[in-house]
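*Asks:* Here it is, the structure, as structure tokens.
The values are calculated or read from the model by the stated rules, or taken from the named source; none is laboratory data. What you see is a predicted model, and the numbers here were worked out from it, not measured in a lab. In this analysis, Cβ positions are derived from the backbone assuming ideal geometry, glycine residues included, and neighbour counts consider all displayed protein chains. SASA here: full protein model, heavy atoms, side chains in, ligands and nucleic acids out. Shrake-Rupley method; radii C 1.70, N 1.55, O 1.52, S 1.80 Å.
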Amino acid sequence: MTNEAAPPPGGAGTPSAGPTAEEFGRVQQSAEFAELRSSYRSFAFPLTVAFIAWYLLYVLLSNYAGDFMGTKLFGNINVALVLGLAQFATTFLIAWLYSRHAAAKLDPKAAAIKARMEAGS
């Protein structure tokens, strides 16, 4: 077993010239990157807060409103079970919404920034 590192892919052992730290810093300070970050945050932060509030409501109801959560809706199905399953449904809904948001708004902006950095502009 040797301790030598394998050469990077795509060359004859020479590292490819990528963006420098200064270029990353310039991109991070650009208006386009700020718009990308704002678009992400304006979607992710409110949904995160809403989901955490929804989850905490479920936990608090489970702890302090046992009679309400034990209310039978039909058969052996009670409010707690329905709200618990709704937690899973909400998780999948948020993931689906984020996927659509990322594909429509975030990915094109990120791809444009990446392409420009790789081109050296």
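*Asks:* How far is helix 31-64 tilted off the main Cα axis of the chain, in degrees rounded to 10, range 0 to 90?
*Replies:* So the helix axis and the longest Cα principal axis differ by about 30 degrees.
*Asks:* Could you go through the stretch 84-89 in sequence order and give the Karplus-derived ³J(HN,Hα) for each residue, using 6.51 cos²θ - 1.76 cosθ + 1.60 with θ = phi - 60°, rounded to whole Hz, and x for Gly and Pro?
*Replies:* With the stated coefficients, the stretch 84-89 comes to x, 5, 5, 4, 5, 4 Hz.
*Asks:* Obtain the nm distance between the two label points defined at R116 and T71 by a simple spin-label model: each point lies 7 Å from its Cα along the Cα-to-C-beta direction.
*Replies:* In this crude spin-label approximation the distance works out to 5.5 nm.
*Asks:* Further, regarding this structure: Residues of the stretch 71-121: accessible area per residue at 1.4 Å, in Å²?
*Replies:* Solvent-accessible surface per residue comes out at 69 Å².
*Asks:* Under 37 °C and 0.692 mPa s, how fast does the chain diffuse according to Stokes-Einstein, given a Kirkwood radius computed over C-alpha pairs? Answer in µm²/s, whole number.
*Replies:* For these conditions, the coefficient is 172 µm²/s.
*Asks:* Set the Förster distance to 25 Å, then compute FRET efficiency between S62 and I94 from the Cβ-Cβ distance, nearest 0.05. Can you show the working numbers first?
*Replies:* Values: r = 21 Å, r/R0 = 0.83.
The calculated FRET efficiency here is 0.75.
*Asks:* While we're here: Return the long-range amide H neighbours of N78 (sequence gap of 5 or more, or a different chain), with a cut-off of under 5 Å between placed amide H atoms.
*Replies:* Result for N78 returns L73.
*Asks:* How large, in percent, is the carbon and sulfur part of the accessible surface of the chain at a probe radius of 1.4 Å?
*Replies:* 65
*Asks:* Angle between the Cα long axis of helix 107-119 and the longest principal axis of the chain, 0 to 90 degrees, nearest 10?
*Replies:* For helix 107-119, the angle is close to 20 degrees.
*Asks:* What aspartates and glutamates does K114 reach when the alpha-carbon gap must be under 16 Å and sequence neighbours fewer than 8 apart in one chain are set aside?
*Replies:* E22, E23, E32, E35
*Asks:* Okay, moving on. Treating only the Cβ atoms of Lys and Arg (+1) and Asp and Glu (-1) as charged, compute the dipole magnitude of the chain about its Cα centre; round to the nearest 20 debye.
*Replies:* So the dipole magnitude of the chain works out to roughly 360 debye.
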